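K.L.:
Pasting in a structure now, in structure tokens, and then I'll have a few things to ask.
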Amino acid sequence: MPVLQADKVTETLRRGGSARVDADVPARFAPGDRVVTRNINPLGHTRLPRYARGRQGVIDRDHGVFIFPDTHANTGDPKPQHCYSVLFTARELWGADASPRDKIYIDLWDDHLDPADG
Amino acid sequence: MTGHDHQHDSSLSPTELRVKALESLLTEKGLVDPAALDILIETYENKVGPRNGARVVARAWTDPDYKKRLLEDGSSAIAELGYTGRQGEDMVVLENTPSVHNLVVCTLCSCYPWPVLGLPPVWYKAAPYRSRAVIDPRGVMAEFGLVLDDDVEVRVWDSTAELRYLVLPERPAGTDGMSEEALAELVTRDSMIGTGLALQPK
């Protein structure tokens, strides 16, 4: 990896580097779909927080296709797929004592999610 | 505390010493250019910070077409004002209303929209905020002095992916006719994270 030189810093920061991928990968879900997160407990990197595993949510919006960090960080495989904001009620995550109004939105990928039945 | 009676000839903290040691090693091995490091630090200390985000918010408060673009495609609307780049490549703007209040956190690390807010404050990166913002957002906000009515819906956004979130706070009452520049002065960093509101005009 080349060393960042002083005369390249400003341009490098301004340009950035998106993890968005211009790939024609079909989305498994659409906004409004009910989903359940997988109960996975990998030893390596994952973006599915422990507090949201095995929980029911609703697809709020589809952000498009992004590199999948769970595989990219562990094996280098970018495995591009759709990333969504998934809406969970506070009660689904935290139980009956939580506010009936509050919501938690978590960005998750296709491989974190399954359709929720019923 | 006992058993630590020798004198250190340095006033640096253990963390500062560790950072200095790492910087020396990386420089000696040719992995970082010290001049590049100086420019990086200068950039985020003096050039890029929450005044950028405040200009975005003030523009949205005064220009309905801009606000519409901002909410539909945050990245390109923010880029119109020249704020682009690292940790702001894919921006999403969340609008606060009288019935909805948004709060941003990164429970996994410290993801933060650098081009509009600069580098995150220490508390944003600390475990207490990261762990409690999702389970007790109202309690966390109350500690910042922000108490919301029970009938306001709180939406917490956990930045677990490469999207970066900016809260568009409500425009305070009594600001009709204020210039965009004067309005930007009312927009605090915390109001764009969701731990505060925009300031009332004096």
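The values are calculated or read from the model by the stated rules, or taken from the named source; none is laboratory data. This structure is a prediction, so every number in the text was calculated from the model and none was measured. Heads up, the Cβs are rebuilt from the backbone with ideal geometry, glycines too, and the neighbour counts pull from every protein chain shown.
K.L.:
Would you be able to say whether some residue in segment A:27-47 is surrounded by 18 or more Cβ atoms within 10 Å (Cβ to Cβ) and facing chain B (nearest Cβ under 10 Å)?
P.N.:
Yes; the residues of segment A:27-47 include at least one that is surrounded by 18 or more Cβ atoms within 10 Å (Cβ to Cβ) and facing chain B (nearest Cβ under 10 Å).
K.L.:
Checking A:K79 against (1) on the phi > 0 side of the Ramachandran plot; (2) of a type in the set (K, R); (3) crowded, with 20+ Cβ neighbours inside 10 Å, only one condition comes out false. Which one?
P.N.:
(3)
K.L.:
For segment A:16-118, which fully contained strands (runs of 3 or more DSSP E) count at least 2 residues that are under 18 Å from B:D90 (Cβ atoms) and aliphatic (A, V, I, L, M)? Outline the logic, then answer.
P.N.:
Numbers: elements: A:34-37, A:56-66, A:81-89, A:103-109, A:113-115.
Correct list: A:56-66, A:103-109.
K.L.:
If we scan segment B:50-63, do we find a residue that is over 14 Å from the mean Cα position of the chain (by Cα) and either modelled with pLDDT under 95 or within 12 Å of chain A (Cβ to nearest Cβ) (or both)?
P.N.:
no
K.L.:
Of the residues that make up segment B:124-147, is at least one buried (at least 17 other Cβ atoms within 10 Å of the Cβ) and assigned to a strand (DSSP E or B)?
P.N.:
no
K.L.:
Could you look through segment A:6-23, keep only residues that are touching a residue at least 40 places away in the same chain (Cβ under 8 Å) and more than 7 Å from chain B (Cβ to nearest Cβ), and pick out the one that is surrounded by the fewest Cβ atoms within 10 Å (Cβ to Cβ)?
P.N.:
Step one: filter segment A:6-23 for residues touching a residue at least 40 places away in the same chain (Cβ under 8 Å), giving A:19-23.
Still in the running and more than 7 Å from chain B (Cβ to nearest Cβ): A:21-23.
Working: A:V21: 16, A:D22: 8, A:A23: 12.
By that ranking, first place goes to A:D22.
K.L.:
Which condition number in (1) within 11 Å of chain B (Cβ to nearest Cβ); (2) in contact (Cβ under 8 Å) with a residue 24 or more places away in the chain; (3) not β-branched (V, I, T) is the one that A:E92 fails?
P.N.:
The failed condition is (1).
K.L.:
Give segment B:158-202 a look and list any residue that's within 15 Å of B:L103 (Cβ to Cβ) and assigned to a helix (DSSP H, G or I), or say none.
P.N.:
Selection gives B:R189, B:D190, B:S191, B:M192, B:I193.
K.L.:
Scan segment A:100-109 residue by residue and report those that are within 14 Å of B:V100 (Cβ to Cβ) and more than 7 Å from every other protein chain (Cβ to nearest Cβ).
P.N.:
Once the filter is applied, which keeps residues that are within 14 Å of B:V100 (Cβ to Cβ) and more than 7 Å from every other protein chain (Cβ to nearest Cβ), segment A:100-109 yields nothing.
K.L.:
Still on this structure: Out of the residues in segment B:167-192 meeting the condition of being more than 14 Å from every other protein chain (Cβ to nearest Cβ) and surrounded by 22 or more Cβ atoms within 10 Å (Cβ to Cβ), tell me which one is farthest from the chain's Cα centre (by Cα).
P.N.:
Filtering segment B:167-192 for residues that are more than 14 Å from every other protein chain (Cβ to nearest Cβ) and surrounded by 22 or more Cβ atoms within 10 Å (Cβ to Cβ), the one farthest from the chain's Cα centre (by Cα) comes out as B:L183.
Condition check ((1) of a type in the set (K, R); (2) at pLDDT 95 or above; (3) in contact with a strand residue (DSSP E or B) (Cβ under 9 Å, 6 or more places away or on another chain)) across all residues:
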position: A:A6; (1), (2), (3): no, no, no
position: A:S18; (1), (2), (3): no, no, yes
position: A:D24; (1), (2), (3): no, no, yes
position: A:F29; (1), (2), (3): no, yes, yes
position: A:I40; (1), (2), (3): no, yes, no
position: A:L48; (1), (2), (3): no, yes, yes
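K.L.:
Is it the case that B:D158 is under 18 Å from A:A90 (Cα atoms), buried (at least 23 other Cβ atoms within 10 Å of the Cβ) and assigned by TED's automatic domain parsing to the domain that holds B:C109? I'd like the intermediate steps shown before the answer.
P.N.:
Working: under 18 Å from A:A90 (Cα atoms): yes; buried (at least 23 other Cβ atoms within 10 Å of the Cβ): yes; assigned by TED's automatic domain parsing to the domain that holds B:C109: yes.
The answer is yes for B:D158.
K.L.:
I need every pair where a residue in segment B:181-202 that is within 17 Å of B:D63 (Cα to Cα) has its Cβ under 8 Å from the Cβ of a residue that is among the charged types (D, E, K, R), sequence separation at least 6 or different chains.
P.N.:
B:L183/B:R171; B:A184/B:R51; B:A184/B:R55
K.L.:
Just to be sure, is B:K29 over 28 Å from A:S18 (Cα atoms), surrounded by 12 or more Cβ atoms within 10 Å (Cβ to Cβ) and not assigned by TED's automatic domain parsing to the domain that holds B:F144?
P.N.:
Details: over 28 Å from A:S18 (Cα atoms): yes; surrounded by 12 or more Cβ atoms within 10 Å (Cβ to Cβ): no; not assigned by TED's automatic domain parsing to the domain that holds B:F144: yes.
So B:K29 fails the test.
K.L.:
Can you give me the number of residues within segment B:76-105 that are surrounded by fewer than 20 Cβ atoms within 10 Å (Cβ to Cβ) and in a helix (DSSP H, G or I)?
P.N.:
Selection size over segment B:76-105: 3.
K.L.:
Kindly indicate which of B:K67, B:K20 is among the basic types (K, R), closer than 24 Å to B:A126 by Cβ and surrounded by 12 or more Cβ atoms within 10 Å (Cβ to Cβ).
P.N.:
Details: B:K67 fails: closer than 24 Å to B:A126 by Cβ.
Exactly one residue qualifies, and that residue is B:K20.
K.L.:
Something else: Restricting segment A:52-86 to residues that are in contact with an Asp or Glu (Cβ under 9 Å, 6 or more places away or on another chain) and over 16 Å from A:A19 (Cβ atoms), which is nearest to the other protein chains (Cβ to nearest Cβ)?
P.N.:
Looking at residues that are in contact with an Asp or Glu (Cβ under 9 Å, 6 or more places away or on another chain) and over 16 Å from A:A19 (Cβ atoms), I get A:A52.
K.L.:
Checking B:P113 against (1) at pLDDT 95 or above; (2) farther than 22 Å from A:R61 by Cα: exactly one of these is not met. Which one?
P.N.:
(2)
K.L.:
Hey, another quick one. State yes or no: is B:L37 more than 21 Å from B:N96 (Cβ to Cβ), surrounded by 15 or more Cβ atoms within 10 Å (Cβ to Cβ) and at pLDDT below 95? Give the steps one after another, and end with the answer.
P.N.:
Details: more than 21 Å from B:N96 (Cβ to Cβ): yes; surrounded by 15 or more Cβ atoms within 10 Å (Cβ to Cβ): yes; at pLDDT below 95: yes.
When the stated conditions are applied, B:L37 passes them.
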